[in-house]
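Worksheet for the structure shown next.
The values are calculated or read from the model by the stated rules, or taken from the named source; none is laboratory data. Everything numeric here is computed off the predicted structure, so don't read it as measured data. As a convention, Cβ positions derive from the backbone with ideal geometry for all residues, glycine included, and neighbour counts pool all protein chains shown.
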Amino acid sequence: MPTVLWWGRGDKNYSRNRTIARMFGELGWNCEYFYPAVGSELGLIQAYFAKLKKPDLIWLPCFRQRDMASAIHFGKKWKVPVVSDPLTSSYQKQVYERGKFSADSRRAQRLLKWEAGLFKQADLIVLENSAYADFVRDEMGVPEEKLGVLYNGAYTKFFTPQPPPDPGPPFEVGFVGSFQPSMGTDVIVKAARLCQDLPVKWTLIGEGDDKPEAEQLAKGLNNIEFTGWVKYETLPERMGNMHILLGIFGVTRKTDFVIPNKIFEAMAVARPLITQQAAAYADNFGQSPVIGWVERGNEQALADKVREWIAEPQDLPERGLKTRELFDRYFGDDKMRDMLRIILDRVLPGGIK
């Protein structure tokens, strides 16, 4: 049985890490784990003292760019491929998501040089969709032959199709996620304001830096409710109680190439989904009429789509089932296994030696 060594201080229970580890097991791989000390130099020293056994592949989990240098060192030492699954670029996050500094600033350029340098040394960098791979190629200068795509997904044994709520008023339209600029929660609140005449409650579940602003924007509205995070084990059922689930509506650069977990989870529980158009969907379900596509950052378009779907509530259960069918086609377990198998064939073209 071949062995993959997960190298990094990543959370094994983070949804993407957990899903990929499960897929490795289903493909006949054994997963071992090494958690380096904080800092690449300390991690390198720790690795030597740990007396690690040579694996067939080193895999860096989500967000662990700081562990890449030590992993790459041992990859060269052992002559085994190193694959990194960063999920998000540190450069992209600081510049385009958080706006911490401008792209042409010295700090941004220093971060870009550091991260791109690490990416170029790995055998393969795995991104969650082709739009993100294009960003890493075009803006970070990482060669295309170093890039692969492995879609995100949902924990399908947990996020299962839920029985639909009664297709009649009162209706519930729900958002589940972090209150951050890319989510566009301000757009959702503004759309709720435009729908005060409808028998619809808008529920926003989650926390984040932008939540106080959203709550302030919603003052005076009786058709919107904010709640904190619900218990994870109750999340599928809670999402299933909603008639329509919402995706993202922000106007940040990040929304061009990121599909958040809640999109996959909404599809997995078989609920009708409204979200904005973006390049991230171009190579998967982006042309499907099953999804309620709206213009980015446009509260009127969102309000109009909710109004349109609520006008024909008898169609919502069938739309939800078709949404789950889309999930299975593009992000289900079979698709994920096939994509992981392709990645393994690329870095181990001759098989396990």
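A few comments on the model shown:
- Screening segment 260-306 for residues that are outside any loop (DSSP other than H, G, I, E, B) and among the charged types (D, E, K, R) and picking the one that is surrounded by the fewest Cβ atoms within 10 Å (Cβ to Cβ) gives D304.
- Residue within segment 134-150 that is among the small types (G, A, S) and either at pLDDT below 95 or part of a helix (DSSP H, G or I) (or both) present: no
- All positions within segment 94-132 that are within 16 Å of G10 (Cβ to Cβ) and in a helix (DSSP H, G or I): L118
- Tally, over segment 204-238, of residues that are buried (at least 18 other Cβ atoms within 10 Å of the Cβ), touching a strand residue (DSSP E or B) at 6+ places or on another chain (Cβ under 6 Å) and not in a loop (DSSP other than H, G, I, E, B): 4
Okay, residues lined up against (1) within 19 Å of L340 (Cα to Cα); (2) surrounded by fewer than 21 Cβ atoms within 10 Å (Cβ to Cβ); (3) of a type in the set (G, A, S):
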position	(1), (2), (3)
R66	no, yes, no
K77	no, yes, no
S84	yes, no, yes
S89	no, no, yes
K100	no, yes, no
L112	no, yes, no
D123	yes, yes, no
S130	yes, yes, yes
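Residue by residue, here is whether (1) in contact (Cβ under 8 Å) with a residue 24 or more places away in the chain; (2) touching a helix residue (DSSP H, G or I) at 6+ places or on another chain (Cβ under 7 Å); (3) within 30 Å of A103 (Cβ to Cβ) holds:
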residue	(1), (2), (3)
A192	yes, no, no
Q196	yes, no, no
K201	yes, no, no
E207	yes, no, yes
T227	yes, no, no
P236	yes, no, no
I244	yes, yes, no
G250	yes, yes, yes
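- The set of residues in segment 245-262 that are within 14 Å of T323 (Cα to Cα) and touching a Leu at 6+ places or on another chain (Cβ under 7 Å) comprises L245, G247.
- Residues in segment 166-182 that are touching a helix residue (DSSP H, G or I) at 6+ places or on another chain (Cβ under 6 Å) and among the polar types (S, T, N, Q): S182 only.
- Test: residue in segment 24-38 that is in contact (Cβ under 8 Å) with a residue 40 or more places away in the chain, surrounded by fewer than 20 Cβ atoms within 10 Å (Cβ to Cβ) and not aromatic (F, W, Y): yes
- Test: I259 is touching a strand residue (DSSP E or B) at 6+ places or on another chain (Cβ under 8 Å) and aliphatic (A, V, I, L, M): no
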